[in-house]
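Enquirer: My structure is below; once you've seen it, I'll send some questions.
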Amino acid sequence: MKKLLFGILLVAISSVSFAQESTIEDEIKALSAAKWEWMADKNVEKLADLFHDKSKFVHMSGSWKKERELEIISSGSIWYKNAEVHDVAVETFEDHTAVLWNRITLTAHVRGNDVTNEFTVTEFYQKQEGDWKLLDLTFSSVRDTHEIEH
C-alpha cells in the first residue's frame with residue numbers, strides 16, 4: 001500500500017512539474033514571437049522593457065548592448081521586416097531561466113537593401129520581479145537545412 005501511495009505521489013509531482021515547464025515554455029515562445037513583431041514594428045518602447053539593462057546582441061556584423069540595439073531598431077539602420085519562424089525549442093532551468101532557439105528566415109532592410117538570411121537565433125531569458133527579461137540574443141548563420149534538436 002505504501003508503494004502504491006508513493007507511486008501516485010510521484011506521478012502527481014511529475015505532472016505538476018511538467019505542466020509548470022510547459023506553461024513556461026509556452027510563455028517564452030509567445031514572448032519571443034511578440035518580440036519579432038515589436039522588432040518589425042520598430043516598437044522600441046516594448047523592446048526597452050523586455051531587454052535587460054545588461055543585455056547583449058550578437059549579429060553577423062558585430063555585437064553590442066541594449067542601447068545600441070534600440071538605436072539601430074529605432075533609426076531603421078537594421079529593420080527586421082519579417083522573421084519567418086520555422087521551428088522553436090525551449091529549455092527551462094528551474095522556473096526563472098529559459099533558453100529559446102528559433103530557426104528563422106529573416107528579411108531585413110540593411111544599408112539600403114532588403115536581405116534574406118537563414119539563422120538560428122538563441123535567446124536567453126530570466127524572470128526578474130515577475131517579468132521575463134531578455135538577457136542575450138545571438139544570430140547564428142545557418143543553412144536552410146539546419147534543424148534544431150528537440
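Enquirer: Exactly one of (1) within 21 Å of Ser22 (Cα to Cα); (2) basic (Lys, Arg); (3) modelled with pLDDT under 95 is unmet by Arg111. Its number?
Expert: The one condition Arg111 does not meet is (1).
Enquirer: Does Glu71 satisfy the criteria of being more than 21 Å from Arg143 (Cα to Cα), at pLDDT 95 or above, part of a helix (DSSP H, G or I) and not basic (Lys, Arg)?
Expert: For Glu71, the condition - more than 21 Å from Arg143 (Cα to Cα), at pLDDT 95 or above, part of a helix (DSSP H, G or I) and not basic (Lys, Arg) - is met.
Enquirer: Given the residues Lys2, Lys29, Lys54, Lys42, which is the only one that is modelled with pLDDT of 95 or more, charged (D, E, K, R) and loosely packed, with under 13 Cβ neighbours inside 10 Å?
Expert: Being modelled with pLDDT of 95 or more, charged (D, E, K, R) and loosely packed, with under 13 Cβ neighbours inside 10 Å holds for just one of Lys2, Lys29, Lys54, Lys42, which is Lys54.
Enquirer: Can you find a residue that is surrounded by fewer than 16 Cβ atoms within 10 Å (Cβ to Cβ), under 25 Å from Glu45 (Cβ atoms) and at pLDDT below 95 anywhere in region 79-90?
Expert: No.
Enquirer: While we're here: Across region 95-114, which residue is farthest from the chain's Cα centre (by Cα) among those that are of a type in the set (D, E, K, R) and part of a strand (DSSP E or B)?
Expert: Taking the candidates together, the pick is Asp114.
The values are calculated or read from the model by the stated rules, or taken from the named source; none is laboratory data. Source: prediction; values computed, not measured. When we count neighbours, we look across all protein chains shown, and the Cβ atoms used for this are built from the backbone with ideal geometry, even at glycine.
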